[in-house]
Amino acid sequence: MNGKKVALIFILFSLTILSSCGNLKNKPYEWTEYELIAHALGDIDDETYTNSIEAFEESYNNGHRLFEVDISITSDNKLVARHGWEDDLGQGITKAVNYKEFMNTLYHDKYNPVDFETVLNLLDEYPDIYMVLDGKVESPKDVEVLYEAIGEEIEGINKNIQHRLIPQMFYEEDLEVIRSYGFHDLVYVVG
């Protein structure tokens, strides 16, 4: 198990303990009651990292309610669910492309890509799910750019939906940025 997974498990365990002890008002961390996270919206047909709608549906039907979704920015500054541009994932795409090209290119010739609007729509359609946002960032500056775009997308959104978006934080400096967009719950990934 790599260091990030160990840190994430430790954080989730710690938050679960705190929540069960009643130290948190209004149970803001109720998503920690779920034991498993469907990574990249879950696996589908032994394929990982697709962040596809089919992976989500299969994971949901298998009982998952806590999902991790990878968020990247296209070459024309749109938010999409993509693990990283360096991974081919059967699309033949290995660098940031524009939104239209990304959305029109299936993963492994059969799985539909997801954009951030779809993530929000899933949260609206499935009121029992939570999404951990794994922003594909390499610096605190990248975090500012990513959350500025996320902030625009969630402006005016139902607070119940925003409450079920759980940002991952990689740098200490991220806390102020993430909180400035109204997020309370978060996962701090160390290492």
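The values are calculated or read from the model by the stated rules, or taken from the named source; none is laboratory data. Note that the structure is a prediction, hence the values are computed from the model and not measured. Because the Cβ atoms are built from the backbone with ideal geometry, glycine has one as well, and the counts that use them run over all protein chains shown.
Quick check: anything in segment 99-116 touching a His at 6+ places or on another chain (Cβ under 6 Å) and farther than 30 Å from SER180 by Cα?
no
Give me the pairs, please: first residue somewhere in segment 98-119 and more than 16 Å from TRP85 (Cβ to Cβ), second residue anywhere and surrounded by fewer than 16 Cβ atoms within 10 Å (Cβ to Cβ) and modelled with pLDDT under 95, beta-carbon distance under 6 Å, and either six or more positions apart or on two chains.
Every condition considered, the pairs that remain are HIS108/GLY90.
Condition check: at positive phi, in a helix (DSSP H, G or I) and under 15 Å from the mean Cα position of the chain (by Cα). Does ALA55 satisfy that?
no
Check off (1) out of contact with any strand residue (DSSP E or B) (no Cβ under 6 Å at 6 or more places or on another chain); (2) closer than 18 Å to ASP185 by Cβ for ASP45 and give me the number that stays unchecked.
Tallying (1) out of contact with any strand residue (DSSP E or B) (no Cβ under 6 Å at 6 or more places or on another chain); (2) closer than 18 Å to ASP185 by Cβ, ASP45 fails exactly one: (2).
Yes or no: segment 93-100 includes at least one residue that is outside any loop (DSSP other than H, G, I, E, B) and either at positive phi or among the small types (Gly, Ala, Ser) (or both).
Scanning segment 93-100 turns up no residue that is outside any loop (DSSP other than H, G, I, E, B) and either at positive phi or among the small types (Gly, Ala, Ser) (or both).
Name the single residue that is nearest to ILE71 (Cα to Cα) among those in segment 91-116 being surrounded by fewer than 19 Cβ atoms within 10 Å (Cβ to Cβ) and in contact with a Leu (Cβ under 8 Å, 6 or more places away or on another chain).
ASN112
List every residue pair whose Cβ atoms sit under 7 Å apart, with the two residues 6 or more apart in sequence or on different chains, where the first one lies in segment 146-163 and is of a type in the set (Ser, Thr, Tyr) and the second, anywhere, is part of a helix (DSSP H, G or I).
TYR147/VAL177; TYR147/ILE178
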